[in-house]
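We did not get these values from a lab; they are worked out from the coordinates using the rules stated. Remember, predicted model here, so these are calculated numbers, not experimental data. Every residue, glycine as well, gets a Cβ built from its backbone with ideal geometry; the counts of neighbours run over all protein chains shown.
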Amino acid sequence: MIMEGKNHKRLKILFLPAWYPSRIHPISGIFIKKHAVAVSRYCDVAVLYVTPYSNLKDKNYDIEYLEEDGISTVRVYCSNTIKIPVIRIFSQMVFQYLAMYQGLMLIKEKFGIPDIIHVNVVSPSIILVGLLLIFKKIKGIPYVVTEHWSGYTKEDNRYNLHSAFLKKYLVKIIFKKSCAVITVSNFLLNSLKEHRLISNRCFVVPNAINIPNLVPKKKDISEKIKILTISLLSNEQKNISGLIKAFEKIASKYNNIELHIVGDGSNKENLINIAKGTGLLNKHIFFHGYIPNSELWKYFHEANFFVLNSNFETFSVATAEALAHGVPVVVTKCGGPQEFVTGEVGVLVERQNEDSLVEGIKYMIENWHKYDPVKLHNYAMNRFSYEKVGKLILNVYETVLNKKNGIS
């Protein structure tokens, strides 16, 4: 067994994410970064993130090296201004290879040689496949995969609808040749099995969240009841319009309730118009736009309960964060969340069912004060803290390396 402690060397882990926070998208893949932070509790972690970037001037690459939250982080921004389609595809491969090579050389210089490579979200790239197989077969460095993408689920189905044969073939190679596959829920794990992408060496490890040190006291039941949802405003997945319609039905009976919608996205203006049509906008329904992760605690502290009305989710970080802040939840049976939302922390309702959502919200309006914030906080801490999640991932690494070294 590989142990972490005073007399034992910390493993070196290289994260290769398909999504990661960057100057282009500051919150893209934030949950992957949180997994990296969790792992860094027990291992030395480096991240190499390569992404196209159209705003580079007079150069093909911009390489950025930073120490972030104790993680050696290399971001390589690469330009590709060629417009001819066939040449562009080939040039993208060349640019990606060169970007990966330069990033890896910087990782080697600043961080050293990793013991394990950790792929986060499989990207159907010939360069990535070649890189992983070279590391595994020639360098003897095993790799594991953590998958978050909802596209494999039948409810989302983008893997079937938008993936060409070559992309599916590359994805299958990466999964099949990996030494272990981690998913953030059994819901996603079963979806991968349905596509015959994995069979064994499977582990379920939830997303990690930042657990607050303090939980607010119980709110006065005579105050206004504030209902919170935090979401990417993409209606196809999150069904915010359904939440607004359900709230409209309830608002006629309860004049002391407010719906606070935090987040941004492609459907924001349409959703604002739907809310405007109810006559409740800026009276009982409020849009707050994008709020940095570090500022969300203010909204959780004001909320009486949280609602997630998604059609599908592989996990739902926002739901877990609500519990960590001592806030009970109303959540649709949309996949991942129903694996950790129980009667002691909230209510499950049927997805795409307005009547079920209305009844769930009504129940919580009448009963939110019966949930103990400290118990909700502890429930989340025992499942989603950096220490808990980091230890679970470390156990996967140990299993992989023990098998490599012939230790049962």
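Observations
- Net lengthening on full extension, ARG23/LYS172 (0.36 nm per residue, minus Cα-Cα): 50.6 nm
- Set of lysines with alpha-carbon distance to LYS249 below 22 Å, sequence-local pairs under 8 removed: LYS224, LYS226, LYS238, LYS268, LYS276, LYS283, LYS333, LYS362
- A cut-off of 5 Å between modelled amide H atoms, ignoring neighbours fewer than 5 places along the same chain, links ASN120 with LEU16, ALA18, THR146.
- Only Cα pairs under 8 Å and 6+ residues apart enter the sum, and on that basis the relative contact order of the range 265-408 stands at 18 percent.
- Here LYS253 and ASN382 are evaluated by their C-beta separation; at R0 = 25 Å the FRET efficiency comes out at 0.10.
- Placing +1 on each Lys and Arg Cβ and -1 on each Asp and Glu Cβ, with no other charges, gives the range 225-384 a dipole about its Cα centre of roughly 240 debye.
- Integer Hz, Karplus 6.51/-1.76/1.60 couplings in order for the range 305-312, x for Gly and Pro: 7, 10, 10, 10, 10, 5, 7, 7
- For GLU68, distant residues with modelled amide H under 5 Å away: THR73
- Value at 222 nm in deg cm²/dmol, rounded to 500, when DSSP H runs of n ≥ 4 in the chain each add -39,500 (n - 2.57): -11500 deg cm²/dmol
- Around PHE312: net Lys/Arg minus Asp/Glu count, Cβ-Cβ under 12 Å: +1
- Taking GluC sites (Glu not before Pro) across the range 266-363, the ones in a DSSP loop with at most 15 further Cβ atoms lying within 10 angstrom of their Cβ are GLU344, GLU350.
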